[in-house]
Amino acid sequence: MMSIEVTIENILYFGAISLSLIGLFGMMMLQNVFRILLSLVLLEAGANLLLVLSGVRIGGVAPIITEGMSAGVVMNDPVPQALVLTAIVIGVGIQALALALIFRVKRNYGTLDLRKIREKLEKDIAVSNEVSAPGSYQAPEKLTESTGANQ
Amino acid sequence: MTKYTSLLFIAGLSFLLFVIVGYLPIAENPMVAGKAILGSAQQEVGSANIVTSVVLAYRGLDTLGELSILFAAASVVGLLLGKSYSTDSVKTQKSGQAKEYKQFVVLKSLDLLFPMLLVVGMYIIVHGHLTPGGGFQGGVLLAVAFSMRSIVNPGSDKKNHYSITFIEGFAGFSFILIGVLALITDGNFLQPLLGKGEFGSLWSAGTLPLLYLAVGLKVGAELAGLLFELNGEEERV
């Protein structure tokens, strides 16, 4: 049985993993498309924090050479920091793209609820392919409507 | 049912991750590449900020790829949201003017804030090789400086943003041009040129400040364009 000390690194690791798990949880459980995007942002933040933490060393300082710095100073790993710098910017691009897609969905379907969007999308696909609307004959329509209204 | 499966998945994943982290040697990473870079960056590149030398010198091609991803995202957002329609723009213009009168104090303070944001943003970009910061961070500040008026008062800004497209294209072109010049003179794409200069001064680290200036302008122009697009959309939905 191992024992975990409460150090600042442990707390940060715990926070980073919790952040990514909260994001993953939101992405799987939520039904509003915009909230799913916000969960993605949380997940990205957690992953970035984890990456930066992987380059931390005990007593390390930021990898910037300044005047009067003694030779034996321990510096943190610059490679994960550069990687995260890249990841943050790409994350912003992804978020903007997802937001634009959400705007288009809202404009076309008038809702952000994932289930309603899926319903309307399936209907659209069925119409454009000239087949009957989806949903098996065993599922009564009233039931699906009532569950949709509850949420 | 799907929800319970998801919950079970998350619970299992969190258990797994926390156990793995419990066994990890925390803050003792061996730094195979990092140690070599820390040891030789000052002689090879000559920039005080070693993260900058990683981003622009050791992995400059990677940064170029990142910029092209950002460019692709920005252009797809423009493609998806499209231009505003004539009837919409008339409507939004009217509501925009009404709002402008209400938000007098906010708009005046934005005018005060604008030059300061420009100065801070340019400072962060230009000193990217000496201090924490650089093109990406300063570029975001520039984007905010140019688009905050449109954020506070959506629909007031109806002109075409050709200048943004021009700056974006110019910055991307100059980034590649510096890389190609290095390829011709030195044999390596994006190799830092122009000598290392005096270590720690503003004119040091060769072409790195110029590259970061290009990155900053490109990021700023792209983010400003994105914010303008999304703001215009807010009026239409």
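Restrict the check to the stretch A:10-25 and report whether at least one residue is under 30 Å from B:Gln42 (Cβ atoms), more than 10 Å from chain B (Cβ to nearest Cβ) and out of contact with any Lys or Arg (no Cβ under 6 Å at 6 or more places or on another chain). Within the stretch A:10-25, not a single residue is under 30 Å from B:Gln42 (Cβ atoms), more than 10 Å from chain B (Cβ to nearest Cβ) and out of contact with any Lys or Arg (no Cβ under 6 Å at 6 or more places or on another chain). Which ones in the stretch B:215-231 are surrounded by fewer than 24 Cβ atoms within 10 Å (Cβ to Cβ) and within 11 Å of the chain's Cα centre (by Cα)? Residue satisfying the conditions is B:Leu217 alone. The residues listed here are B:Ser89, B:Ser75; of these, the one that is modelled with pLDDT under 50, assigned to a helix (DSSP H, G or I) and either surrounded by 16 or more Cβ atoms within 10 Å (Cβ to Cβ) or small (Gly, Ala, Ser) (or both) is B:Ser89. Going residue by residue through the stretch B:179-201, is there one that turns out to be out of contact with any strand residue (DSSP E or B) (no Cβ under 9 Å at 6 or more places or on another chain), buried (at least 23 other Cβ atoms within 10 Å of the Cβ), at pLDDT 80 or above and more than 17 Å from A:Thr86 (Cα to Cα)? The answer is no; no qualifying residue exists. The single residue among B:Gly121, B:Gly128, B:Gly169, B:Gly133 that is surrounded by 16 or more Cβ atoms within 10 Å (Cβ to Cβ) and either part of a helix (DSSP H, G or I) or of a type in the set (S, T, N, Q) (or both) turns out to be B:Gly121. What do you reckon, is B:Ala205 modelled with pLDDT of 80 or more, crowded, with 16+ Cβ neighbours inside 10 Å and not basic (Lys, Arg)? Considered against the rule, which asks whether it is modelled with pLDDT of 80 or more, crowded, with 16+ Cβ neighbours inside 10 Å and not basic (Lys, Arg), B:Ala205 comes out as no. Could you tell me whether the stretch B:166-176 includes any residue that is under 23 Å from A:Gln81 (Cα atoms) and at pLDDT 80 or above? Checked against the condition, which is being under 23 Å from A:Gln81 (Cα atoms) and at pLDDT 80 or above, the stretch B:166-176 yields at least one hit. Screening the candidates A:Asn32, A:Asn48 for the property of being more than 7 Å from chain B (Cβ to nearest Cβ), at pLDDT 80 or above and crowded, with 20+ Cβ neighbours inside 10 Å yields one hit, A:Asn48.
Going by what's in this entry, would A:Ala16 be described as surrounded by fewer than 16 Cβ atoms within 10 Å (Cβ to Cβ) and hydrophobic (A, V, I, L, M, F, W, C)? So A:Ala16 fails the test. Only residues that are within 7 Å of chain A (Cβ to nearest Cβ), over 17 Å from A:Asn76 (Cα atoms) and part of a helix (DSSP H, G or I) were counted in the stretch B:29-62, giving 1.
The condition of being part of a helix (DSSP H, G or I) and either within 13 Å of chain B (Cβ to nearest Cβ) or modelled with pLDDT of 80 or more (or both) holds for A:Thr147. The residue list B:Leu38, B:Leu64 contains one member that is modelled with pLDDT of 85 or more and either surrounded by 13 or more Cβ atoms within 10 Å (Cβ to Cβ) or within 21 Å of A:Pro80 (Cα to Cα) (or both), which is B:Leu64.
Against the definition (surrounded by fewer than 19 Cβ atoms within 10 Å (Cβ to Cβ), more than 30 Å from B:Ser174 (Cα to Cα) and modelled with pLDDT of 85 or more), how does B:Leu24 come out, yes or no?
Here the answer is no, as B:Leu24 does not meet what is asked.
Among what's in the stretch A:103-119 and is in a helix (DSSP H, G or I) and at the interface with chain B (Cβ under 10 Å from one of its Cβ atoms), pick the residue that is surrounded by the most Cβ atoms within 10 Å (Cβ to Cβ).
A:Phe103
Within the stretch A:78-97, not a single residue is in contact (Cβ under 8 Å) with a residue 60 or more places away in the chain, at the interface with chain B (Cβ under 10 Å from one of its Cβ atoms) and over 30 Å from B:His129 (Cβ atoms).
The values are calculated or read from the model by the stated rules, or taken from the named source; none is laboratory data. Everything quoted here is computed from the prediction, not taken from an experiment. Ideal geometry is used to build each Cβ from the backbone, glycine not excepted, and the neighbour counts take in all protein chains shown.
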